[in-house]
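The values are calculated or read from the model by the stated rules, or taken from the named source; none is laboratory data. This one's a predicted model, so the numbers in the text were calculated from it and none came from an experiment. No Cβ is skipped: glycine too gets one built from the backbone with ideal geometry, and neighbour counts run over all protein chains shown.
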Amino acid sequence: MTPEIRAFEFALGLFSVLIGLAVADVANSLHRLLRHPGFIRWDPLALLAALYATLMAVGMWFDLWGIREVAATRGFFFYLGMVAEMFVLFLIAAASLPDEPAANPDLRAFYERNHRYFWTLVALFQLIYLVLGVYFLGGVIRRAPLTAVSQFLAEWLLLAVLPLLLSAVRSRRVHYVGIAALFFVNLWHYAPYAIN
């Protein structure tokens, strides 16, 4: 076993907890809502936001596997940045659905009140992701073909700008299109990933 793998296994513990808490929070909130089905006014946008938060958490799990052998991830400041990113991921998951259905039985009203906070957190997450990605891939990006760099930047711009747009706009139609685009970009990005 290489030193990088042992360090990765050590570091993975805290990341696993934060990702697990994010997924568990969405599942717990959904469970509480499902226990009061007649009492809740359901809204597809709130459910799509929760599903997107879950997709982000699963995506981060796959991203972690991709950096398991990189010594640069063992540095304190990079690790601290990763913890901050995972903490924001947890906040995204926690903000996606109401914790108490009795206090927020109308998911449409909840989403309208909460969308600015939720999508601002998603944009913040993407900003941290970019900063860590540039640090992590700095040398690779300089040697990469221009098409690969432009694809990375286009992807990131969509993943950062769309949440900012969704945080500022109230139109439900724009939210449906924006969330669909975010799902498409994430699924397209992670489709070739594998844990092996």
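Quick notes
- Look at (1) without any contact (Cβ under 8 Å) to a residue 12 or more places away in the chain; (2) in a helix (DSSP H, G or I) and you find that residue 38 fails only one, number (2).
- Residues of region 82-106 classified as over 20 Å from residue 163 (Cα atoms) and crowded, with 18+ Cβ neighbours inside 10 Å, total: 3
- Residue 102 being touching a residue at least 40 places away in the same chain (Cβ under 8 Å), in contact with a helix residue (DSSP H, G or I) (Cβ under 7 Å, 6 or more places away or on another chain) and among the small types (Gly, Ala, Ser): no
- Some residue of region 71-80 being modelled with pLDDT of 85 or more and within 18 Å of residue 53 (Cα to Cα): no
Okay, residues lined up against (1) under 28 Å from residue 188 (Cα atoms); (2) touching a Lys or Arg at 6+ places or on another chain (Cβ under 8 Å):
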site: 10; (1), (2): no, no
site: 46; (1), (2): yes, yes
site: 60; (1), (2): yes, no
site: 90; (1), (2): yes, no
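- Filtered by the rule that a residue be in a helix (DSSP H, G or I) and modelled with pLDDT under 70, region 138-148 gives 138, 139, 140, 141, 142, 143.
- Residues being surrounded by 19 or more Cβ atoms within 10 Å (Cβ to Cβ) and either at pLDDT below 90 or of a type outside the set (Ser, Thr, Tyr) (or both) - total across region 24-39: 3
- Test: residue 111 is surrounded by 14 or more Cβ atoms within 10 Å (Cβ to Cβ), closer than 19 Å to residue 59 by Cα and either at pLDDT below 85 or among the hydroxyl-bearing types (Ser, Thr, Tyr) (or both): no
- Here 11, 50, 27 are screened, and the one residue that is touching a helix residue (DSSP H, G or I) at 6+ places or on another chain (Cβ under 9 Å) and farther than 21 Å from residue 115 by Cα is 11.
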